[in-house]
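Shown next, in structure tokens, is the structure this report addresses.
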Amino acid sequence: SLPKSSTEHLFKVIVIGQFRVGKTSFIQRYVNGLFTENYKATVGVDFAMKTIKWTENDIVRLQFWDIQGQEDTTKMTRAFYKNAAACLIIFDMTSERSFEFCKELKEAVDSEVCDKYEMPIPCILLANKCDLKEWAVTRERVDQFCSECNFLCWKEISVKRNEQLEESVGCLIEVVMERS
Ligand code: GDP
Ligand code: MG
């Protein structure tokens, strides 16, 4: 039989969170398999593309948008949010402030962008740096916040140890594919 041609799905994924929570590290690790302890602030917006063979017939291309680390601002430009299909909000498990900031960020996303059904775009909350011992937030608190603010789910991740990155993105793709 003739091979079926596969369908390509392109999704824009915005990655947001406070300064230094690990946004750029997440994208670098997930897209390029790289990690570095050397901190280099993102200037402007960075893009990275990852191609995934999702099913026999579906190719998913994720275009990650990484914003520069302006501390405590939710005021990204319209272009940053425009046509985003999904969102990752990251905080640092050892920083309470970075966790609390996620509330404002989620509200900003929900007010700036929606899907074709006028519904909020799927959004996952990522607790990064779980390899460190000094957790500043309890799991119970994150659980509660996650349901209050309508995240799809939250995941404990470590970009450094490459833990739960594939799972997190997989979870997002599943929902985005369902709704597309
Ligand atoms: P951004 O400002 O949100 O883009 O943050 P970066 O990705 O530049 O990361 C900030 C710092 O956190 C860097 O020094 C990273 O090496 C470090 N970092 C990122 N992810 C992890 C992690 O999972 N564990 C630990 N211990 N450090 C991390
Ligand atoms: Mg950065």
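Every number in this text was worked out from the coordinates using simple rules, so none of it is lab data. Keep in mind that what you see is a predicted model, and the values were worked out from it rather than measured. When we count neighbours, we look across all protein chains shown, and the Cβ atoms used for this are built from the backbone with ideal geometry, even at glycine.
Structure above, values below:
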| read-out | value |
| --- | --- |
| Cα-Cα over 23 Å, subset of Lys12/Lys106; Lys103/Lys160; Lys103/Lys155; Lys12/Lys155; Lys40/Lys160; Lys53/Lys116 | Lys103/Lys160; Lys53/Lys116 |
| Assigned charges on the beta-carbon of Lys, Arg, Asp, Glu; segment 69-146 dipole about Cα centre (debye) | 200 debye |
| Gain upon complete extension [Glu8, Leu132; 0.36 nm per residue less C-alpha separation] | 40.8 nm |
